[in-house]
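First the structure, in the form of structure tokens, and then the observations on it.
The values are calculated or read from the model by the stated rules, or taken from the named source; none is laboratory data. Being a predicted model, the structure only gives us computed values, none of them experimental. Note: ideal-geometry Cβ built from the backbone for every residue, glycine included; neighbour counts use all protein chains shown.
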Amino acid sequence: MNNMDKKILIYCRVSTQQQTTDRQKEELLKFAEDNHWNVAEEDIFIDVISGFKKGEFRPEYAKMLERVEYRDIDIILFSEFSRLARNATELLEQIKLFIDKGINLYFDKQKLWVKDTNKDVGSLILLHVLAVMSSYEIELFVERSLSGKITKVQAGHGGGDERAYGYMHNENKQIVINPIESKIVARIFEMYVGGYSSIQISEILNAEKVPAPYVRKLNEYKKNREAKGLEVKEYKFDTDNLKWRISTINRLMHNELYKGNRRITFYKPDPTNPLPLSERQDREIVYEYSKHVESLRIVSDELFQQVQDKLSKAHYNKNNAVRHENLLKHLMVCGECGANFSVGKSNETSKNYISGGRTYKCYGRVNRKDKPRTCTNGAELRQWKLDGLVLQLSIQMFAEINIQQTNILKIENLGKEIEELVQIKSSKNTELVEAENLYKKTLKRLIAIEDDEVAKNLISDAKHKYDETKNMLNKTMDKLSREIITKRITIDNLKRLNANPLLINKMDEIRKDRNLVKTMVDEYIDKITIFRLHELWLLVVVSYKGGEEMWGTIKCARYKKEEMFYDELHCHYGVEFQGWLLNNTERCFSYDKSTHIITYNGESKIYVEFKSGEYDYDTFNQMIQETGWMGCFPFYAYEDSGKDLSVPSNEDFGKSLQENRIDWKAHNEKVLERLFELVKT
């Protein structure tokens, strides 16, 4: 066969977009020219992909194999062994595949022809030796490369973490803070702690047209390719319209690098493992780098931990399957297992003061086929018990703070949030207008197509795409409108609360207006933790957003008559129930759930009559009674708009309560008077 008639293929491969195949291509074309072979452009296959992973898909190599399968190919040219495979076993397998089809191979670096090895034993031996040597060279290169990376990281250079949003390289290739992006990072952390969700943060950043994290990397890649004279790479996504995503925000907030902690783990490379890195198990660790670099800090330890706590709380045991109107479920956490609470309906009935009703139940106690029980001490209590106690604790707390000034600040913050939402809504409306204009331009272009069937199909596709975009944007704007309205209602409610700064004097009005109650709870309470203090009693710890903390107790069984009080003249909200109502803002009390022991440090300015020491429930309860600090509270039925369900339906039962020697109403007023006196002093 004439040399000019031989069918020649060329295969080139580089590991990254930053490398170029030009050298390989030029050298192999020169070799073909020297041998008087013609190589068409369509016969040159170039892959830009790492060859370290066995079995990794190489699109151009796959196309070449198709050509080999269905056409007569005489010779394939490679620059070296590693372009075909990264280890000796795979290399020999691939060579055999081509030789069996009668194709000769040439490797330029080794200056080696591989033909029918059955006819040339010497070439076969040489091939095996060279294949093993090539595999060894690759492993040696990988080890040296890894060693170089470790040395660079130890010297302050980037180890991959410099690609994190908020950081960059300096002129010495060391990782440093990016002054522009770091401000965005700090703002994201502060916004999340301030009550914004990941969705809201991403929408605000997109509305403000803050460049997404990948934009800078993309620009750097483009700049490097231009500097090397490489062609501009085509991407499958719209590089001019990159957005902040919820997943991006969440990953960013988990990164410890933002508080100055560099943690990089180097694993031993395994070129023979076909699995992706994310799926490999028991990888051998070569070196673990861990160092705190204060100069890389963007957020404080306190702010970072606050974000982690909120993320953990938002992620753990979400129970959105059952939705009922309730006041406190979204704030409740089981102190025993850390689970959230679900809402259920109690089957228990009582002939005296309460019948049935919905409950709050620790989600860890739920036992189903798809969700086994994980908590044995978690609580289940009626909603109106806890709602009533939390309202009473809040009255006591509000007696000691300047609620008027607090509300003014909240109103200002809500106003800013509304402005941001309006801005986001405006940007979404602009997107809708742009989508509509694009659709109109597309229609004009498609109508000009002569083939009616083709035009019809393209117009149908364009309309479908436009309708999807329009529906999505309309739903988003509707959601934003609802959020804006909700926040404006909250502002109105806060202004109504501010009409009289002594909130305690307005509790009658507030209890009858469930919207005011909901506003008060959502704006001031941060978390409600429920512990099983005693077989019959639960400890309720209410944490407020201003740092205040109140303790109360609820009986998870039926109250005895001596634990209740009712008088038609004094009990405006029905039967009242005995319980602790303690202010722990001083953090003078602590509770150990493993031993059920309460510790009092003796340093309170309020509870000066208490003796320092460790107490179980019975002894601590006795001390509260003896010192006159026992409180009481009425139930509150949020689901029934504040209806007094605690009023006795049984007349004899009500009379028997009036015969109790303790006047809990009068007693509770005395407790509040003592608190007011302490505030004045």
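Return the residues of region 324-336 that are surrounded by 17 or more Cβ atoms within 10 Å (Cβ to Cβ), of a type outside the set (Val, Ile, Thr) and either in contact (Cβ under 8 Å) with a residue 40 or more places away in the chain or assigned to a loop (DSSP other than H, G, I, E, B) (or both); say none if nothing qualifies.
First, the residues of region 324-336 that are surrounded by 17 or more Cβ atoms within 10 Å (Cβ to Cβ): 326-329, 331-336.
Next cut, of a type outside the set (Val, Ile, Thr) only: 326-329, 331-332, 334-336.
Hits for region 324-336 are Asn326, Leu327, Leu328, Leu331, Met332, Cys334, Gly335, Glu336.
Pairs meeting the criteria (first residue in region 447-467 and free of Cβ contacts under 8 Å to residues at least 40 places away in the same chain and in a helix (DSSP H, G or I), second residue of a type in the set (Asp, Glu) and surrounded by 12 or more Cβ atoms within 10 Å (Cβ to Cβ), beta carbons under 7 Å, at least 6 apart or on different chains) are lacking.
When you scan region 550-564, do you find a residue that is over 35 Å from the mean Cα position of the chain (by Cα), of a type in the set (Gly, Ala, Ser) and within 23 Å of Ala339 (Cα to Cα), even just one? Within region 550-564, one or more residues are over 35 Å from the mean Cα position of the chain (by Cα), of a type in the set (Gly, Ala, Ser) and within 23 Å of Ala339 (Cα to Cα).
A search for C-beta distances below 6 Å between a residue of region 409-432 that is at pLDDT below 85 and any residue that is among the charged types (D, E, K, R) and assigned to a helix (DSSP H, G or I), counting only pairs 6+ apart in sequence or on different chains, returns Lys410/Glu523; Leu414/Lys487. Determine whether region 97-116 contains at least one residue that is crowded, with 18+ Cβ neighbours inside 10 Å and modelled with pLDDT under 70. Within region 97-116, not a single residue is crowded, with 18+ Cβ neighbours inside 10 Å and modelled with pLDDT under 70.
Of all residues in region 295-306, none satisfies being outside any helix (DSSP H, G or I), at pLDDT below 85, among the polar types (S, T, N, Q) and on the phi < 0 side of the Ramachandran plot.
For residues that are in contact with a Cys (Cβ under 7 Å, 6 or more places away or on another chain) and assigned to a strand (DSSP E or B), scanning just region 579-619, find the one that is surrounded by the most Cβ atoms within 10 Å (Cβ to Cβ). That would be Gly579.
Tell me whether region 569-587 contains one or more residues that are at pLDDT 90 or above, aromatic (Phe, Trp, Tyr) and closer than 30 Å to Gly195 by Cα. No, every residue in region 569-587 fails to be at pLDDT 90 or above, aromatic (Phe, Trp, Tyr) and closer than 30 Å to Gly195 by Cα. In region 360-408, the residue that is nearest to Thr486 (Cα to Cα) out of those that are more than 30 Å from the chain's Cα centre (by Cα), modelled with pLDDT of 80 or more and not in a helix (DSSP H, G or I) is Arg382.
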